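The values are calculated or read from the model by the stated rules, or taken from the named source; none is laboratory data. Note that the structure is a prediction, hence the values are computed from the model and not measured. Every residue, glycine as well, gets a Cβ built from its backbone with ideal geometry; the counts of neighbours run over all protein chains shown.
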């Protein structure tokens, strides 16, 4: 085992034992180099390992913060069914459980910002075009941030349903307002991919930039003219979620296997 791996292993055990508490910080670099009798390069390599594992993250003017490694990994069943709750409106496949309380971290807000390349690609617009974004960071009650959700709304969507640009979009949310404006029934396509987070995403989700994230994008299309009305990007730390898909047998894979007739 390389020396940096030994240091990482010892720090990992100390974190798991509670010696370094969640929300607290590890000793300073200078103290760690003295404790383990190594140089800063070895300490940096060891901490990079712990960052990738989601155990710590550097915070400016605070130090190396210990993250909550006890959070349960949630399973998202990747079904194709969109349901409707009379109290909330449309419900898409998510990691929440029935009647589980969730909370917002900070205040949800909306603003016109430059559309990033991925959003522009999915919406069919020029990258950098000022586009309305509705942003919120949420999690199950009492837990650290679980997901960053950005809903990007096209210029035509805002023009046809102006209320979606207001702080409150009313019962049923922005999708109901768009369908009421003549775009219903909206159809959706979902894309999912792993990637590394941006600095801003890592800060909002309180994770290290070394921790991969799962990005899902739900693209909503108008039934009236086929235009893309909205793109909802959900970003979740990779150590907090796993995707589950129930596989089905095709008729050709039925059991028992039918014997093959001799030629």
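With the structure loaded, tell me whether residue 241 is modelled with pLDDT of 95 or more and within 27 Å of residue 121 (Cα to Cα) or whether it fails that test. Here the answer is no, as residue 241 does not meet what is asked.
Summed over the stretch 47-71, the residues that are touching a helix residue (DSSP H, G or I) at 6+ places or on another chain (Cβ under 8 Å) and either without any contact (Cβ under 8 Å) to a residue 24 or more places away in the chain or loosely packed, with under 12 Cβ neighbours inside 10 Å (or both) give a count of 0. Here is a check on your reading of the model: is residue 152 surrounded by 14 or more Cβ atoms within 10 Å (Cβ to Cβ), out of contact with any helix residue (DSSP H, G or I) (no Cβ under 9 Å at 6 or more places or on another chain) and at pLDDT 95 or above? Against the criterion (surrounded by 14 or more Cβ atoms within 10 Å (Cβ to Cβ), out of contact with any helix residue (DSSP H, G or I) (no Cβ under 9 Å at 6 or more places or on another chain) and at pLDDT 95 or above), residue 152 does not qualify.
What are the residues in the stretch 143-159 that are in contact with a strand residue (DSSP E or B) (Cβ under 8 Å, 6 or more places away or on another chain) and either in a strand (DSSP E or B) or farther than 16 Å from residue 234 by Cβ (or both), if any?
Scanning the stretch 143-159 gives 147, 148, 149, 150, 151, 152, 153, 154, 155, 156, 157, 158.
Where strands (runs of 3 or more DSSP E) sit wholly within the stretch 199-263, those with at least 2 residues that are in contact with a helix residue (DSSP H, G or I) (Cβ under 6 Å, 6 or more places away or on another chain) occupy 213-221, 228-237.
Out of the residues in the stretch 81-99 that are touching a helix residue (DSSP H, G or I) at 6+ places or on another chain (Cβ under 9 Å) and surrounded by 12 or more Cβ atoms within 10 Å (Cβ to Cβ), state the one that is modelled with the lowest pLDDT.
The residue in question is 95.
Of the residues contained in the stretch 33-46, none is found to be in contact with a strand residue (DSSP E or B) (Cβ under 9 Å, 6 or more places away or on another chain) and modelled with pLDDT under 95. Restricting attention to the stretch 179-198, the residues that are part of a helix (DSSP H, G or I) and within 14 Å of residue 221 (Cβ to Cβ) add up to 3.
Would you check which residues across the stretch 117-133 are in a loop (DSSP other than H, G, I, E, B) and either touching a strand residue (DSSP E or B) at 6+ places or on another chain (Cβ under 9 Å) or surrounded by 16 or more Cβ atoms within 10 Å (Cβ to Cβ) (or both) and list them? Of everything in the stretch 117-133, those that are in a loop (DSSP other than H, G, I, E, B) and either touching a strand residue (DSSP E or B) at 6+ places or on another chain (Cβ under 9 Å) or surrounded by 16 or more Cβ atoms within 10 Å (Cβ to Cβ) (or both) turn out to be 124, 125, 127, 128, 129.
Number of residues in the stretch 1-32 that are within 27 Å of the chain's Cα centre (by Cα), exposed (fewer than 15 other Cβ atoms within 10 Å of the Cβ) and modelled with pLDDT under 90 equals 1.
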